[in-house]
Amino acid sequence: GEIKLSDNETLYIAGGAVVRGGINASGKNIKIRGRGIIDGGKWERFKGPTHNALYALDCSDLSIEGIILKDSWTWTCVFFGCSNIKINNMKICSTRCENNDGIDIVNSKNVYIENCFIRSDDDCIAPKGMGYGNNMAVEDVIVTKCVLWTDRAHIWRMGCESRAESMKNMLFKDIDVLHFSNWLTEWSPWMISLQPAEDMPMENIRFEDIRVNGEGEKNFIELMNAPTIWASKQTPGTVKNCVFKDVVVSGDIESPLGMVSIRGTDKDHKISDITFNNV
């Protein structure tokens, strides 16, 4: 069932333990540790005992280390209105049902993620603005030394929901992408998709030292500031100052491969100052 965590509490899940339920955390200085498993496989889609397998609301100075999150009933690990988050060596194995995002950083800032493995049905890493905290910015995010795999969607999908003051100052570095999907016919996902809308600026985003196992997927990098069906306000955003450096696709490659799409909306909603270096 539900495990509640609040100020100054530590949850330790021992190696070998399988805990069937979810975590609701809210407060300061919370720690989640161990080598055991949080298992959500008992619950149908959208019907779990907590919002998400690991749901952090209004947390500051939250640290997560070592645990395994398995088979969530929706988005797996979500930070909502949080600050100063550190994650190390967390494993996500969550491909049981639709909408099993890996990590969703929602209206949160100062997030550091390293040494993690994510296999998700839906997007692996998805910064979002859901309007929380008077549209708190999503900013100062670092993800490094991780291994990512999606069965059905994007590895990165950023700004699909854009109810935030801004999304800025993000670094994704030293990452291996084992697989990303290209199975849909009318709409095929991208490995990286930056798509701010709702007048939100997205800036200072950097992807560096990204190694991709290619299996014939054509859609590689997309920058598009037009609203999606998930935008509350159907207005464009802006994209500027993004860098893609030392990004490589290798493996069993078929043609076409490596499409890069950059599409501004109009003169007031531009995509500008984009750098490709050794891609």
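The values are calculated or read from the model by the stated rules, or taken from the named source; none is laboratory data. These numbers were taken from a predicted model, which means no experiment stands behind them. Ideal geometry is used to build each Cβ from the backbone, glycine not excepted, and the neighbour counts take in all protein chains shown. For the accessible areas, the whole protein counts, side chains as well, though only heavy atoms, and no ligand, DNA or RNA atoms are used. Shrake-Rupley method; radii C 1.70, N 1.55, O 1.52, S 1.80 Å.
For the reader, a short list of remarks on this structure follows.
- Global form of region 186-256, assessed from the alpha-carbon gyration tensor, a/c cut-off 1.5: oblate
- Residue-span extension gain [Ser60 to Asp7] - 0.36 nm each, minus C-alpha spacing: 18.1 nm
- Of the GluC sites (Glu not before Pro) in region 1-99, those whose Cβ has at most 10 other Cβ within 10 Å and which sit in DSSP loop: Glu44
- Debye log10 I(q)/I(0) for the chain, one point scatterer per Cα, at q = 0.07, 0.13, 0.14 Å⁻¹: -0.23, -0.83, -0.96
- Taken as Cα centroids, region 19-85 and region 98-163 sit 14 Å apart, rounded to the nearest whole angstrom.
- Cα centre as origin, Lys/Arg/Asp/Glu Cβ charges: the chain dipole, Debye: 500 debye
- For region 145-279, the antiparallel share of DSSP beta bridges with both residues in that region comes to about 5%.
- Inter-label distance, Asp273 to Met259: 2.9 nm, where each label sits 7 Å from its Cα along the C-beta direction.
- From phi via Karplus (6.51, -1.76, 1.60), per-residue ³J(HN,Hα) for region 23-31 in Hz, x at Gly/Pro: 10, 10, 10, 8, x, 10, 6, 9, 10
- Rounded to whole Å, the principal axis extents of the Cα atoms in region 2-129 read 33, 31, 27, largest first.
- Magnitude of the charge dipole for region 122-169, about its Cα centre and with charges confined to Cβ atoms of Lys, Arg (+1) and Asp, Glu (-1), is about 60 debye.
- Across region 51-193, counting alpha-carbon atoms alone, Rg and Dmax equal 13.8, 43 Å.
- With the convex hull of its Cα atoms as the shape, region 104-164 has an orientation-averaged projected area of 3.8 nm².
- Accessible area ranking (1.4 Å probe, heavy atoms, ligands and nucleic acids excluded), largest first, for Phe172, Phe117: Phe117, Phe172.
- Working note: Karplus 6.51/-1.76/1.60 with θ = phi - 60° gives region 194-201 the couplings 10, 9, x, 9, 6, 6, 7, x Hz, where Gly and Pro are set to x.
- Counting every C-alpha pair in region 160-279, the share spaced more than 26 angstrom apart comes to 22%.
- Kirkwood-Stokes translational diffusion coefficient of region 30-98, alpha-carbon pairs, 20 °C, 1.002 mPa s, µm²/s: 174 µm²/s
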